[in-house]
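The values are calculated or read from the model by the stated rules, or taken from the named source; none is laboratory data. From a predicted model like this one, the values you see are computed outputs, not experimental measurements. FYI the Cβ positions are ideal-geometry reconstructions off the backbone, even for glycines, and counts take in every protein chain you see.
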Amino acid sequence: MAKDTLYDVWGRRNPQFEIHFEESLLRQFTEYGGGSVESMSSKGKIFGAGYELYIYAFFIGLYANKQKELAGETKGLGQPIQFWGNLDSKKLRKAYPKLREYIFTALLAKTDDLDLIALEKGEITERKAIDYLIDTMEKYSNYGFHKIEEKLKESPNYFYKNTGFLDMILDLVQTTKEKDEAEVIEDL
């Protein structure tokens, strides 16, 4: 029997989030806690499963390159990563398993505490390596959840326009691009 890869072990984990986001974000924008993807549009939901908003929050943190420690009471998201985006729905969307690979790759690149050479030498355990990856993932996602919540407080209807969630990502990308261009100009 083949040994599980680091990716396989990471995929079996169920990341945590600050529990107050369950009501303020997850239940508001997703079918978190029940319901089918097919019924989400009739209920005004923007995302299907709760992990879809979690993924979005992760990318907010990643694109902003900001992390935020989890504080207060936390809760597991409810579904291990290996199942995120692995099924086609009957009407609305295709499976998106590659996204998990992209998240994992980003985590490998952005997890400062993870020393892959030490892992290879057996100086740290696989479990510890996965803990580092999950910790980084949770911090990026937590930052993203806080940014989404902040945007909702500023403008309660922001995410109910067709491009609300896309606009937030595009604003981050534009801000990062402008910052990078300003740094290049300073270096000249």
Filter pass, residue 69 being farther than 27 Å from residue 125 by Cα and either modelled with pLDDT under 85 or of a type outside the set (Phe, Trp, Tyr) (or both): no
Any hit, the range 33-47, residues being crowded, with 22+ Cβ neighbours inside 10 Å and either at pLDDT 90 or above or part of a loop (DSSP other than H, G, I, E, B) (or both): no
Residue count for the range 2-30, restricted to those that are of a type in the set (A, V, I, L, M), in contact (Cβ under 8 Å) with a residue 24 or more places away in the chain and more than 22 Å from residue 48 (Cα to Cα): 2
Selected residue (only one of 139, 128 is under 19 Å from the mean Cα position of the chain (by Cα), basic (Lys, Arg) and under 21 Å from residue 67 (Cα atoms)): 139
Residue pairs meeting the criteria (Cβ under 7 Å; at least 6 apart or on separate chains; first surrounded by 10 or more Cβ atoms within 10 Å (Cβ to Cβ), in the range 168-185; second not hydrophobic (A, V, I, L, M, F, W, C)): 168/151; 169/63; 172/63; 173/63; 176/63
